[in-house]
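As structure tokens, the structure follows; a few thoughts come after it.
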Amino acid sequence: PTLKIVTMMMNHNSDPNIKQQSEYIWQDREIRFDSKTTLLNCRRGEKLIDSINSVEDTKGNNGERGSLIMTNLRLMWISHTNSKINLSVGLNSIVSANIKQAKSKLRGHTQALCILAKFNTRFEFVFTSLVKNSPRLFTTVQTVLRSYETSKLYRDLKLRGSIVKEGELILLPQEQIFTKINGVWNLSSEQGNLGSFFLTNVRVVWHANSATNFNVSLPYMQIKSLRLRESKFGRALVLETFAKAGGYILGFRIDPQDKINAVFQEMQSLFQIYSSGPIFGVDFSVEAETPGIEQLLVPKVSEDVEIVDEQEDSHAIAAYYAADSNVVDDESRFDRIVFDTRLGLAVEAMADGITIEQLWRVV
């Protein structure tokens, strides 16, 4: 059997008062540009993990210094000079994060963090740390992304997952079971499937008694509404997910029928508790105190960091790469290879005014 949408089995003349509606959490799902500063503040359950000063948005605002902020839901970049220039990139939209060479107006050619993301269309973001010899930009982002990727059951609806073993729910870290309810019929087929509910502080889980791999794990985060509704099977508990979570409508009947109100009320209470303090599942530890986002929305006057854009060697390597960009094909590139007696190696000929010694000091 397969789980499917059950709107055809429900009577739409439902009591509007027996209903619980929730707010869509967009922060980890969407990419937003130049948002109102109020939208950059952490929502309930969103935790500030790290704030990295002096990061350039090399792709979209080359030459502009800002702060890169990492939370358990998204990556943000805010310009130092104008907080209205900003990015918010949901972690769920990120496809990959890699280190690559980029051309920065402030550092010349240097290693940068390249992020590929998808939200309706594909985006590329390139961030360059302006603090010399600091790997923090790369390590923070990659560590948080790994934690986000391995904790999807906290945030995403899952069908037919390996979540039940010998009739018992396999708990997630920080998860607690409040109630196990037997005699719950899933109404996704003509006959219905008899199974059990687990109500936890993070999600609602149902599994069939005859086959535990026939199950659904539904985080409170993805529930748009809870309601009681009349169906062809009698009074039913209906869970509706947001459209971006698949737009599922799942119906359940509780035996005996007089238990359904108590089950609904308990689910409402757990849902409200979760909404007041969501658990998103991204584990992290903060080694040093991180400034709040509200501090980062104030324009910076001065910065106590070492910027390398004014160093002679930095200009040398920038000029080298600018000259190198004039090489348009592999044959002309090969024509410029010479043997350097001091290094004992074949190297590309230096541009005018640049020496091997200058480049070696930069490295």
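The values are calculated or read from the model by the stated rules, or taken from the named source; none is laboratory data. On a predicted model such as this, the values are computed, not experimentally measured, just so you know. Here the Cβ is made from the backbone with ideal geometry for all residues, glycine too, and neighbour counts use every protein chain on show. We work out accessible area using only protein heavy atoms, side chains counted, and drop any ligands, DNA or RNA first. Shrake-Rupley method; radii C 1.70, N 1.55, O 1.52, S 1.80 Å.
Just checking, does region 59-75 include any residue being modelled with pLDDT of 95 or more, within 24 Å of Ser151 (Cα to Cα) and assigned to a loop (DSSP other than H, G, I, E, B)? Within region 59-75, one or more residues are modelled with pLDDT of 95 or more, within 24 Å of Ser151 (Cα to Cα) and assigned to a loop (DSSP other than H, G, I, E, B).
Does Ile249 qualify as being touching a strand residue (DSSP E or B) at 6+ places or on another chain (Cβ under 6 Å) and closer than 16 Å to Asn182 by Cβ? Step through it out loud before you land on a result.
Details: touching a strand residue (DSSP E or B) at 6+ places or on another chain (Cβ under 6 Å): yes; closer than 16 Å to Asn182 by Cβ: no.
When the stated conditions are applied, Ile249 does not pass them.
For region 92-148, a residue qualifies if it is aliphatic (A, V, I, L, M), within 23 Å of Ile25 (Cβ to Cβ) and either open to solvent by less than 40 Å² (accessible area, probe 1.4 Å) or not in a strand (DSSP E or B) (or both), and the qualifying residues are Ile94, Ala97, Ile115, Ala117, Val141, Val144, Leu145. With respect to the stated conditions, Tyr148 fails to be at pLDDT 95 or above and either at positive phi or in contact with a Lys or Arg (Cβ under 8 Å, 6 or more places away or on another chain) (or both). Being closer than 24 Å to Ile279 by Cα, modelled with pLDDT under 95 and under 17 Å from the mean Cα position of the chain (by Cα): is that true of Phe123 here? Answer is no for this residue.
Please enumerate the residues belonging to region 23-69 that are small (Gly, Ala, Ser) and either open to solvent by 50 Å² or more (accessible area, probe 1.4 Å) or under 20 Å from Val126 (Cα atoms) (or both).
If the condition is that a residue be small (Gly, Ala, Ser) and either open to solvent by 50 Å² or more (accessible area, probe 1.4 Å) or under 20 Å from Val126 (Cα atoms) (or both), then Ser35, Ser51, Ser54, Gly60, Gly63, Gly66, Ser67 are the ones that fit.
Of all the residues in region 155-204, those that are among the polar types (S, T, N, Q) and under 20 Å from Ile249 (Cβ atoms) number 5. Applying the criterion of being more than 29 Å from Asn133 (Cβ to Cβ) and modelled with pLDDT under 80 to the residues of region 335-351, the residue that is least open to solvent (accessible area, probe 1.4 Å) is Arg336.
Can you tell me how many residues within region 219-251 are assigned to a strand (DSSP E or B), in contact (Cβ under 8 Å) with a residue 60 or more places away in the chain and touching a helix residue (DSSP H, G or I) at 6+ places or on another chain (Cβ under 9 Å)? Show your work before the answer.
Just the residues of region 219-251 that are assigned to a strand (DSSP E or B), to begin with: 219, 223-231, 234-241, 249-251.
Adding the requirement that they be in contact (Cβ under 8 Å) with a residue 60 or more places away in the chain leaves 219, 223-231, 236, 238, 241, 249-251.
Checking which are touching a helix residue (DSSP H, G or I) at 6+ places or on another chain (Cβ under 9 Å) leaves us with 219, 223-224, 226-228, 231, 236, 241, 249, 251.
Qualifying residue count for the region: 11.
Before we move on, is Glu240 farther than 13 Å from Ser188 by Cα, in contact with a strand residue (DSSP E or B) (Cβ under 6 Å, 6 or more places away or on another chain), open to solvent by 30 Å² or more (accessible area, probe 1.4 Å) and not polar (S, T, N, Q)? When the stated conditions are applied, Glu240 passes them.
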